[in-house]
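Visitor: Have a look at this one.
The values are calculated or read from the model by the stated rules, or taken from the named source; none is laboratory data. What you see is a predicted model, and the numbers here were worked out from it, not measured in a lab. Every residue, glycine as well, gets a Cβ built from its backbone with ideal geometry; the counts of neighbours run over all protein chains shown.
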Amino acid sequence: MMSVGRGNITFRDRVDAGWQLAAHPLLQKIKSLPLHLKNSFIVISLPRGGTVVGDEIAKQLNITHDLVFPRKIPIPGRSEYAIGAVSELGHVIWNDHARQFNLIDKPQVQQSKNQQIQEARRRKQIYRGQRKPLASLSGRTVILVDDGLATGATMKSAIMTCQHLNAQSIIVAVPCGAADCVEDIRRLVDKVICLSTPYNFHAVGQCYNSFPQTTDEEVVEIMAKYQDLNVGNFPNSYYYHIH
């Protein structure tokens, strides 16, 4: 299932984007669920910007929030161009450019990949604090959130991580994205919610009036609110499928 807006929506900021996503009819159904069913849902965001969006969704739906840590793998010396993505678990996704030009096995590219794995693990340690490791998503419906989809590389890596942790179901929720990228992601998950796919999409920031870089400190402050919440496994009898 895919719920995609075709118009050009401009969000005030990431909080506004999260509020508008939470207001989507599919996610609003979660608010009225009894607690034992609502607790089978979890927001998982992609830091850093996605965590601000995810925080607002978790707050509006009154559910918990956690993180995964995908990182783009840049072309050495050209950090603005990504050739793949890697997770904190070391899972790697390469794009067509990397394969077409035989870049994957080049020493500089492998070094770049390893640097991003280390950065993902650094962020994991800092952002999650003393929270118990997210060892399993069995029985959980994941609402996977970022502040937009440009190439989709990091979202694909995040999906792979959630699948590795045995998520029961995955809903990708993003404010905006490139139409072809959204369609690509749709094939990998149960549902996609994307509020805006501008015809002339070229960067996530174009969909926002205010789009400052989110800092490590902001993510730490947001996630401190969720430190003591139970994120353990849930029996499949408590799983609830929203339509």
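Visitor: Please go through the stretch 213-228 and pick out each residue that is more than 16 Å from the chain's Cα centre (by Cα), assigned to a loop (DSSP other than H, G, I, E, B) and crowded, with 17+ Cβ neighbours inside 10 Å.
Guide: Of everything in the stretch 213-228, just one residue is more than 16 Å from the chain's Cα centre (by Cα), assigned to a loop (DSSP other than H, G, I, E, B) and crowded, with 17+ Cβ neighbours inside 10 Å, namely Tyr226.
Visitor: Does Tyr240 qualify as being at pLDDT below 90 and among the aromatic types (Phe, Trp, Tyr)?
Guide: yes
Visitor: Same structure, new question: Looking at Ser169, Ser138, which is the one that is over 23 Å from Phe211 (Cβ atoms) and surrounded by fewer than 17 Cβ atoms within 10 Å (Cβ to Cβ)?
Guide: One residue alone meets the criteria, Ser138.
Visitor: I'd like to know if the stretch 7-20 contains one or more residues that are surrounded by 17 or more Cβ atoms within 10 Å (Cβ to Cβ), in a strand (DSSP E or B) and either on the phi < 0 side of the Ramachandran plot or in contact (Cβ under 8 Å) with a residue 24 or more places away in the chain (or both).
Guide: Yes.
Visitor: Looking only at the stretch 74-118, count how many residues are crowded, with 16+ Cβ neighbours inside 10 Å and part of a helix (DSSP H, G or I).
Guide: So the answer is 6.
Visitor: It is to be established whether one or more residues within the stretch 60-69 are surrounded by fewer than 24 Cβ atoms within 10 Å (Cβ to Cβ), assigned to a strand (DSSP E or B) and either touching a Ser or Thr at 6+ places or on another chain (Cβ under 6 Å) or of a type in the set (Gly, Ala, Ser) (or both).
Guide: There is no residue in the stretch 60-69 that is surrounded by fewer than 24 Cβ atoms within 10 Å (Cβ to Cβ), assigned to a strand (DSSP E or B) and either touching a Ser or Thr at 6+ places or on another chain (Cβ under 6 Å) or of a type in the set (Gly, Ala, Ser) (or both).
Visitor: More than 15 Å from the chain's Cα centre (by Cα), in a loop (DSSP other than H, G, I, E, B), modelled with pLDDT under 95 and surrounded by 15 or more Cβ atoms within 10 Å (Cβ to Cβ), is that true of Phe201?
Guide: Answer is yes for this residue.
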